[in-house]
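We did not get these values from a lab; they are worked out from the coordinates using the rules stated. None of the values given here were measured: they were computed from a predicted structure. Neighbour counts are summed over all protein chains in view; Cβ atoms, including those assigned to glycine, are modelled from backbone coordinates with ideal geometry.
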Amino acid sequence: YYEMFCLLISLFGFGIRVYTVGHTPENTSGRNASRQIADTLNTTGIYSTVRHPLYLGNFFMWLGPCLLTGNFWFIVAFCLLYWIYYERIMYAEEQFLRRSFGEIYTDWASNVPAFIPSFKNFKKPNLPFSWKKIFKKEKNGFAGVFLIFAVFDIAGELIKGETNFNYFLIVSSVLTALLYLVLKYMKWRTNIL
């Protein structure tokens, strides 16, 4: 039951990412590795409740496996390291947005918390939800969650010298890996995604 609870924590984080990415326009809220990109400022939907929803989703996605270890100090260390790492990234992004959007950004940022959501000013998303965007951009996170949990389960059983594997996690890991490969193929070889 605890293993499934931890998985639900990770899937909750993935759900935050799905909701965020599914309602955002192109050239925002992505994996911008080489440079910052923001054609528009996202201020509706989940962005009306928290300024960095993708990092909030990432936090819960990684918190699940950390909780699975059952080691209190590892969990505390993860939380501290996550905060230190992402605080610098959030600061850099906010400086970029401040330069790009000026007063529009500062007005929005003054009313929306950085990391802990507040739903008092929720505004419906401007854009409809896009499953195509999710299949294109979030396939690796979905497969990764199940793969990590399957590896932890198998490793834990082998360390204990037992074979009471969680076959739900193993099968889910295989199925999400296959889905990842199919979606990757569709992205590279077709115009569907």
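Could you list, in sequence order, all residues of region 101-150 that are under 13 Å from residue 41 (Cβ atoms) and of a type in the set (A, V, I, L, M, F, W, C)?
101, 104, 108, 109, 112 - these are the residues of region 101-150 that are under 13 Å from residue 41 (Cβ atoms) and of a type in the set (A, V, I, L, M, F, W, C).
The conditions are (1) closer than 24 Å to residue 8 by Cβ; (2) surrounded by 16 or more Cβ atoms within 10 Å (Cβ to Cβ), and residue 125 fails exactly one of them. Which is it?
Among (1) closer than 24 Å to residue 8 by Cβ; (2) surrounded by 16 or more Cβ atoms within 10 Å (Cβ to Cβ), residue 125 violates only (1).
Does residue 190 satisfy the condition of being out of contact with any Gly (no Cβ under 9 Å at 6 or more places or on another chain) and β-branched (Val, Ile, Thr)?
So residue 190 passes the test.
Here is a yes/no grid of residues against (1) polar (S, T, N, Q); (2) surrounded by fewer than 14 Cβ atoms within 10 Å (Cβ to Cβ); (3) in contact with a His (Cβ under 6 Å, 6 or more places away or on another chain); (4) farther than 22 Å from residue 60 by Cα:
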position	(1), (2), (3), (4)
150	no, no, no, no
153	no, no, no, no
160	no, yes, no, yes
163	yes, yes, no, yes
169	no, no, no, no
176	yes, no, no, no
180	no, no, no, no
186	no, no, no, yes
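Of all residues in region 62-109, count the ones that are among the basic types (Lys, Arg), exposed (fewer than 12 other Cβ atoms within 10 Å of the Cβ) and closer than 17 Å to residue 52 by Cβ.
Residues flagged as among the basic types (Lys, Arg), exposed (fewer than 12 other Cβ atoms within 10 Å of the Cβ) and closer than 17 Å to residue 52 by Cβ within region 62-109 amount to 1.
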